[in-house]
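Taking it in order: structure first as structure tokens, then the write-up.
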């Protein structure tokens, strides 16, 4: 494999790990409602490194079936979780 092809392949691999907010999966929850990330199939479980930008709106916790997003109060925030394969999925969470 020549160096140009190798460089292109490595670049493609690295870019595939990038996550853009534009690619966020829309998610609508009610206050107190939970969304099971593992059951949704949106992440490869076990998932970890759950993060929500505004934990006053939504937070994440470990449920019986794995990581969950929980609606806390009305508003919108971005949450994400890392799949076992290393890829991170972003969710645009709206709590009503």
*If you bin every alpha carbon distance in region 20-95 into 5 Å steps from zero, what whole percent lands in each bin?*
4, 19, 31, 27, 15, 3, 0
*So between residue 44 and residue 84, what do we pick up on full extension, going 0.36 nm a residue minus the alpha carbon distance?*
13.8 nm
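State the extension gain, in nm to one decimal, for the chain segment bounded by residue 54 and residue 36, taking 0.36 nm per residue of separation less the distance between their alpha-carbons.
Here the segment from residue 54 to residue 36 would lengthen by 4.6 nm.
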*asked:* Can you sort 61, 88 from fewest to most other Cβ atoms within 10 Å of each residue's own Cβ?
replied: 61, 88
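Each value in this text was obtained by applying a stated rule to the coordinates, not by laboratory testing. Keep in mind that this is a model prediction, so the values were computed, not measured. Backbone-built Cβ (ideal geometry, glycine too); neighbour counts: all protein chains shown.
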